[in-house]
There are 2 protein chains.
Amino acid sequence: MTLTDLRYLVALARERHFGHAAERCNVSQPTLSVAIKKLEEELAVTLFERSAADVKITDIGARIVAQAEKVLLEAGQIKELATAGRDPLSGPLKVGVIYTIGPYLLPHLIPRVHEAAPSMPLLIQENYTARLAESLKRGDLDVIVVALPFEEPGIVTQAVYDEPFRVLMPAGHAWEKEKAIAASSLAEAPLLLLGAGNCFRDQVLEVCPMCRSGEGLQRTLEGSSLETIRHMVATGAGITVLPSSAADPLPDGNALLSVRPFVAPEPFRRVALAWRVTYPRSGAIDVIRSAILASPLAGVRPVNR
Amino acid sequence: MTLTDLRYLVALARERHFGHAAERCNVSQPTLSVAIKKLEEELAVTLFERSAADVKITDIGARIVAQAEKVLLEAGQIKELATAGRDPLSGPLKVGVIYTIGPYLLPHLIPRVHEAAPSMPLLIQENYTARLAESLKRGDLDVIVVALPFEEPGIVTQAVYDEPFRVLMPAGHAWEKEKAIAASSLAEAPLLLLGAGNCFRDQVLEVCPMCRSGEGLQRTLEGSSLETIRHMVATGAGITVLPSSAADPLPDGNALLSVRPFVAPEPFRRVALAWRVTYPRSGAIDVIRSAILASPLAGVRPVNR
DNA sequence: GCGTTGTATAGTTAATCTCTATCACCATTG
DNA sequence: CAATGGTGATAGAGATTAACTATACAACGC
């Protein structure tokens, strides 16, 4: 029993004439004749009474035809689903973003994606890079926004933008008179840091290796966020390093904080998209990339592909 | 897209492993692999993400698999319908009976058929032979009970029983002293007859050709029934001829009527079943025949096949 | 009876399906 | 870092199936 057989069956039930039914199915009369006969043998029931005058459907035949129509209808739905699903910009996209990007990127990203792909709702999760990577590989996420380096088997990454680091200090801090801060000077400062697991923490520590080993003044704030740290800096609890997208857009007339760039070469992080090599909706990823690049993130520099 | 393809698809969605899915489908791994690939090409969507680690279903793939399961379920129903319909004794049987048999046969027939084939309800129609024949050929009836001769193209008949005719007269009639009545004497009697269209009318007239041509005393009662005629005989309106099944089972102690047989050779009618040669439920017809023969119809003689 | 209409059958060709064998890829491991 | 094992894809051969054309066969109607 094949779907073709069922189509022949339904056509014959409608036409009650082998020749006409065959014509409607674009096959020869013997083809349809043989198919119906085969179907009757397979089901071991007589579906039609053939006589010279006409073709009559049996009671059981009528019931089976009705069921066959249902099967064909449902099968047709598969094609419709496929047609609808062919558009990579249709259907939800599961996006992961690291904690130190999400709050600054998403408010810009979401409306832009919605505009570019109205029928692609975003299901967004913020997490650590390691967790995002796991979800991505498991298939719980489709694409993630992380900082490089990021290497995983089966995962491709595409750099999107570079983002310089900034030094954030309370207003009136001694460094406020400097135009730019040297990375080395961080070792002497009471540096507020995110907890372990945040890649940005490691990147900051890399900027100033002495900070890590020196057991200096820096303090790790477990379970915290860049926003919390910024508030702490404002209260004079210390200084910190922020990515430019988080540091530069200070609320107008914020008198409690000062931001300074690093002296060249500025330390920066490279932000990238990552997805499974096998992920088929590359068009959706292109939309995400474009939306990110169209977002007004302070201080960032696009990375050419 | 075939039902086999859909089975492969569902198996792969369940197993998430080409080899295992193939095994479950009793085919080789390349067979399943190629089938899935073909399906993806036909639908122009990626259903699975293949990687070394594992096989992941895409969102659209999951939706299509769910639909495929529905299709397979509905297709399975076809086989179930066929299995249920394979029994000729299941499902209603549309039976037609002529007016002069129905009232005497059906009260016996129905319970016997119900006992022999409980899941074969009878849909019964009484009518003239000509109407029954028409319905039978059109497929509105499956089998009819008629009196021979009955010849129609595409219709087979099977004699079931012979039924002698009787003379019915009011009690006290002059013929009551006779043990048997000669057919020829009917010409002189006030014979009450059924209306045109009833085959029994013609059969009675055939018993006594003079009645037809002679413009004798006989009266045709249009739109009447044997029962009505019997009541009229009881009131002394005339005499009549009845089939034995209608004449013999007189209500106990009916003092108003007398029944007499004809002198040999007794006139009789041959009652038969008829159905389309193409009708597939011959088992159902056998049940009807057996039930008729098991019915205690007064005076009838079974006809060997 | 003979032609017409309609379905079944035969035989052939073409497409499809399925198999075995093998390749290519990747991830793990000594 | 090369070897290994597990996994899916591909190639080519063989078998099955489905389709066609031509024709037979059956049942009616004139």
- Cβ neighbours within 10 Å from other chains - mean over A:41-49: 5
- How large, in Å, is the range B:3-85 by the Kirkwood hydrodynamic radius built from its alpha-carbon pairs? 13.2 Å
- Query: Hey, got the average number of other protein chain Cβ atoms within 10 angstrom for residues in B:146-154?
  - Reply: 1
- Task: Please check chain A for the longest run free of GluC sites (Glu not before Pro) that are loop-located per DSSP (anything but H, G, I, E, B) and have at most 10 other Cβ atoms within 10 Å.
- Result: A:1-150
- Item | Calculated over the range A:50-178: convex hull of Cα atoms, volume per residue (Å³) | 204 Å³
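Less than 10 Å Cβ to Cβ from B:K94, Lys/Arg counted +1 and Asp/Glu -1: what total charge do the surrounding residues give?
Charge balance in the 10 Å sphere: -3.
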- Task: Whole Å is fine, so just give me how far the alpha carbon centre of the range B:106-129 lies from that of the range A:43-103.
- Result: 41 Å
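Helix by helix through chain B, keep the DSSP H runs that span 15 Å or more along the axis on Cα and average at least -1.0 on Kyte-Doolittle, and give those back in order.
Values: long enough: B:3-15 (18 Å, 0.38); B:29-43 (21 Å, -0.20); B:59-85 (39 Å, 0.33); B:102-116 (20 Å, 0.07); B:282-293 (17 Å, 1.26).
Flagged H segments are B:3-15, B:29-43, B:59-85, B:102-116, B:282-293.
Output the relative contact order of the range A:165-268, whole-number percent, from Cα pairs under 8 angstrom with separation of 6+ residues.
Dividing the mean separation by the residue count of the range A:165-268 yields 50 percent.
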- Of A:K137/B:K56; A:K137/B:K70; A:K56/B:K137; A:K38/B:K70; A:K56/B:K94; B:K37/B:K79, pairs whose Cα-Cα distance is over 18 Å: A:K137/B:K70; A:K38/B:K70; B:K37/B:K79
- In cubic angstrom, how much convex hull volume per residue do the alpha carbon atoms of the range B:231-305 span? 139 Å³
- Note on the structure: Note: the range B:66-119, point scatterers on Cα, Debye, no solvent; log10 I/I(0) at q = 0.19, 0.23, 0.25 Å⁻¹ equals -0.76, -0.91, -0.98
- What are the nm distances, shortest first, from A:T220 to its equivalents in the other copies, labels at 7 Å along Cα→Cβ? 11.5
- Task: Would you mind calculating the relative contact order of chain A from Cα pairs under 8 angstrom and at least 6 residues apart, reporting the percent as a whole number?
- Result: 22 percent
- Using a cut-off of 15 Å between beta-carbons, work out the net charge of the residues near B:P103 (Lys and Arg +1, Asp and Glu -1, B:P103 not included). -3
- Query: Of all the C-alpha pairs in the range B:148-305, what % are more than 27 Å from each other?
  - Reply: 29 percent
- Find every distance from the label point of B:K37 to the corresponding label point in the other copies (7 Å from Cα along Cα→Cβ) and write them in nm, one decimal, shortest first. 3.7
- With springs only between Cα atoms under 10 Å, which of A:Q29, A:Q125, A:Q158 fluctuates most in a Gaussian network model of chain A? A:Q29
- Query: Taking the Cα atoms of the protein assembly as shown, what is the range of coordinates along each of the three principal axes, in descending order and whole Å?
  - Reply: 148, 47, 35
- Item | the range B:3-85 - percent relative contact order, Cα under 8 Å, separation 6 or more | 29 percent
- Shielding of B:269-280 by other chains, given as the mean Cβ count within 10 Å, works out to 2
- Using the 2.2 N^0.38 Å rule of thumb for compact globular proteins, work out how chain B stacks up: its C-alpha Rg over that value, please. 1.67
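Quick note: the coordinates plus some simple rules give every number you see, no bench work behind them. Keep in mind it's a predicted model, so treat the numbers as computed, not measured. Glycine also receives a Cβ, built like all others from the backbone with ideal geometry; neighbour counts cover every protein chain displayed.
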